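Just so it is clear, none of the values below were taken in a lab; they were calculated from the coordinates. On a predicted model such as this, the values are computed, not experimentally measured, just so you know. With ideal geometry, Cβ positions are generated from the backbone for all residues, glycine too; neighbour counts draw on all protein chains shown.
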Amino acid sequence: MIRIVVAAAMVMVFALPNPSFAEREKDYVTGQDQVSRSELPGQRFRQYLNVFKPRKQAKPVEVSYTRNWLDQRPKAAGDEHWQCLAEALYFEARGETVKGQFAVAEVILNRVESTRFPNTLCGVIKQGTGRKFQCQFTYTCDGRKEVIAEKKAFERVAKVARAAIDGVGGGLTEGATHYHTKAVRPSWSRVYEETARIGVHIFYRHNYRTASN
């Protein structure tokens, strides 16, 4: 009888969980979790929190095409392609209205998007430079040194270039890829479709079909 009682007691001892061990294990796991969270780098934690923040939608920039609006824009800066566009606007359209300058910038950007022209701003602007009667923009092959003498005018067209590249404005020329001043009438103007007249320039897009369209 005594043996049976002793055996039952031993079974109870080994079968029941040790409360102190269970508590210690819980405390250890909790402590490890706290340590892992406290060691999380602050930057990663902020990024984690940002996932749950509502994203702000960029507000479209309203354009008034006035010098006052342009002068309130921040000073422009950019890469070589911004520089190419700014210089093109200076030599081609610095005497134009702000709207006219945006229109000329739009034509150059339309050419970049077209498969008929180089796919960069500098490529479009310098296309044909150095070849007789092949340059696309007169100032690049008129034989005169390109000197930016009017600093204020350049600052303004540089802002136009920056805004145009950033997608501000647009839709002025209905997809035009060519333009000329009202003082001349090149032969191609009889073939292309006129799309707009802004300031001293007339704008056109090609309207002939090819095998690709």
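Miscellaneous remarks
- Environment charge of Thr97, counting only residues whose C-beta is closer than 13 Å and scoring Lys/Arg +1, Asp/Glu -1: +4
- Take 69-76, 198-205 and order them by the average number of nearby Cβ atoms within 10 Å per residue, most first; the result is 198-205, 69-76.
- Region 75-171: C-alpha gyration tensor shape, a/c 1.5 cut-off, then a/b vs b/c: oblate
- Over 21 Å (Cα to Cα) - which of Lys145/Lys182; Lys99/Lys159; Lys75/Lys99; Lys99/Lys182 fall in this group: Lys145/Lys182
- Sorted peptide list for 183-190, 98-105, criterion being average Cβ within 10 angstrom, highest first: 98-105, 183-190
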